[in-house]
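Some notes on the structure that comes next.
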Amino acid sequence: MHGYEIITQLEERSGGRWRPSPGSIYPALVKMEHHGLVTSEEADGKRQFELTDRGRQMLTDLRAADDTDGDTATPWSDQGGDQLARGGDLRRHVSELVSQVRQIGRFGTPEQIEAAGDVLADAKKRLYSVLADDTKS
């Protein structure tokens, strides 16, 4: 797979709870390649990565270690119950918000950009007030 496919797979497998950035995936892949865990080659103008035998063995070893520890959960599994799921919802909302802000920044008029800034400033204040309200738990 190429890096974007890996990012997409991680997002899908985590049910949208984890979408690593290209800035974290590509350096990790380069490091894995340096350690002989993956190889890469250009295909259709994209760099494709594949596990090496050493990488597959390491994956098998990690899975076996998880099995003996009784901890076979993925990093995004629902170990934290509903709180983790709600955190995933928050991340999804933030991701959508960032996308909307980018659209306004790219295509909005100066007045729309200013109005969006006001909305974001108000949202920050309201979020801090949510944290400050210790009556809600």
Going through the range 1-18 in order, the residues found to be in a helix (DSSP H, G or I) and not β-branched (V, I, T) are G3, Y4, E5, Q9, L10, E11, E12, R13
When (1) at pLDDT below 90; (2) outside the structural domain of A116 (by TED's automatic domain parsing); (3) part of a helix (DSSP H, G or I) are applied to E33, the one that fails is (1)
Counted residues in the range 41-95 being farther than 25 Å from Y26 by Cβ, outside the structural domain of Y26 (by TED's automatic domain parsing) and modelled with pLDDT of 80 or more come to 2
Note to self: Among the residues of the range 16-35, are any under 30 Å from D89 (Cα atoms), in contact (Cβ under 8 Å) with a residue 40 or more places away in the chain and in contact with a Pro (Cβ under 8 Å, 6 or more places away or on another chain)?
What the structure shows: yes
The one condition S99 fails out of (1) within 20 Å of the chain's Cα centre (by Cα); (2) modelled with pLDDT under 85; (3) small (G, A, S) is (2)
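The values are calculated or read from the model by the stated rules, or taken from the named source; none is laboratory data. From a predicted model like this one, the values you see are computed outputs, not experimental measurements. Here Cβ is always computed from backbone atoms with ideal geometry, including for glycine, and neighbour counts include all displayed protein chains.
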